[in-house]
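Note sheet for the following structure.
The values are calculated or read from the model by the stated rules, or taken from the named source; none is laboratory data. Model, not experiment: these values are computed from the prediction. Neighbour counts run over all protein chains shown; Cβ positions are idealised from the backbone, glycine included.
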Amino acid sequence: MSKPDYYPFKSAAARKNYLEYYHNEEASSWPVPYEDRLINTAYGPTLVRLSGREGKPPLVLLHGITATSLMWAPNVAAWAEQYRIYAVDTINDYGLSINTRRIWRCRDLIRWLESLLQALGLTEGINLVGMSYGGWLASQYALAHSGQLRKLVLMAPGSTVLPLNKAFLLEIAVAVVLPPRLLNMILRWLYAAKPIDGSDASSGVSDLVTCFLRGFRSFTQRWVVPLSVLSEADWQRLTMPVLFVVGTNEMLYSPYKAIEHLKKVAPAVQSLLIQGAGHEMTFTKATEINGAVLDFLQDGVLPAAKAAKPPAAVSKEAAGRISPGTEADVVEKSLPGSKDDVHG
């Protein structure tokens, strides 16, 4: 049975409304000049937003599930000064990328990303940053194509280090059947929204919640490839420098246990513990994260003051606490809403 013209949206009206919302958000929130390109890949057209001067080292950004590439708005201005930014709308998720083939397994996502990067001419020296689900995907891509990557940044990656907290999984299972008002409350619990860097941080979290609710109402529900935890052998195969970033209020798993685990199985991985932040940290702690990522990408190490230093012996209570709070036929074209004055 063929898909309707408006796939993956629920209806033509849903598609129209979502596109209008997306481009309005893009124009108002993306703080630097950009160019939108649709890249045809082995799994369907993929939206990539480019910022920063052409010829700078590549920095590829993979967003969290349902968040779209717009989630990087608080971070891109700082990074675009030194890097050519490729902010991707992940295939099979909310945003403007459209899967033309089923995405069933992790290897499908890896082949899609490989196809996309090849089409963009990115085959080596790639700096790859992923948040949440995007962090897990970044780690999986690094395992499959370690030779292509220069450095890897994993921000509170889904699973990857530890299994997801059971309480979190229960909350999400309940959330998907709740009315929008209660679903909104669950999402704010997850992101533990607490303005840290100013009022813009709080509004950024609200934008993230709105993005999810818009997508939930607009898109048909598609299969989500399950997350997985890397084995000790997997971590040893990651030969590029790796930075793991997590907030003290993280809900997915205990941040303290995660850092202790990495010290045992992958001592070469650098860890950064963000005080007073949860899964919303790229918004509420943008200044700190932006600087730390630049330090890591440019110098290879974090300043001693920034590196995570959990207690030598973490109590059971502290360690377990979850604080509140293939080939590509490339087609590149400018999309409606692109800013024409992109650098390069």
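Worth a mention:
- Only one entry of ILE98, ILE126, ILE110 meets the criterion of being surrounded by fewer than 24 Cβ atoms within 10 Å (Cβ to Cβ), under 18 Å from the mean Cα position of the chain (by Cα) and closer than 21 Å to PHE216 by Cα, and that entry is ILE98.
- Taken together, the criteria exclude PRO33 from residues that are closer than 25 Å to ARG102 by Cβ, surrounded by fewer than 22 Cβ atoms within 10 Å (Cβ to Cβ) and not polar (S, T, N, Q).
- Residue list for region 58-69, filter: within 18 Å of TYR22 (Cβ to Cβ), outside any loop (DSSP other than H, G, I, E, B) and not aliphatic (A, V, I, L, M): SER69
- Selection within region 99-143 - part of a helix (DSSP H, G or I), within 17 Å of LEU50 (Cα to Cα) and not polar (S, T, N, Q): LEU113, LEU116, LEU117, ALA119
- Region 266-278, residues that are crowded, with 24+ Cβ neighbours inside 10 Å and more than 16 Å from PHE296 (Cα to Cα): ALA277, GLY278
- Tally of residues being among the hydroxyl-bearing types (Ser, Thr, Tyr) and in a helix (DSSP H, G or I) across region 144-160: 1
- Some residue of region 44-57 being over 29 Å from MET281 (Cβ atoms), outside any loop (DSSP other than H, G, I, E, B) and in contact with a helix residue (DSSP H, G or I) (Cβ under 9 Å, 6 or more places away or on another chain): yes
- Count of residues meeting criterion [assigned to a loop (DSSP other than H, G, I, E, B) and of a type in the set (Asp, Glu)] in region 1-28: 1
- Odd one out for ASP89 among (1) of a type in the set (D, E, K, R); (2) touching a Ser or Thr at 6+ places or on another chain (Cβ under 7 Å); (3) modelled with pLDDT under 95: (3)
- Boolean, LEU70 is under 29 Å from LEU252 (Cα atoms) and of a type in the set (A, V, I, L, M): yes
- Region 221-244, residues that are among the hydroxyl-bearing types (Ser, Thr, Tyr) and surrounded by 17 or more Cβ atoms within 10 Å (Cβ to Cβ): none
- Checked across region 245-256, the condition of being at pLDDT 90 or above, surrounded by fewer than 19 Cβ atoms within 10 Å (Cβ to Cβ) and assigned to a helix (DSSP H, G or I) holds for no residue.
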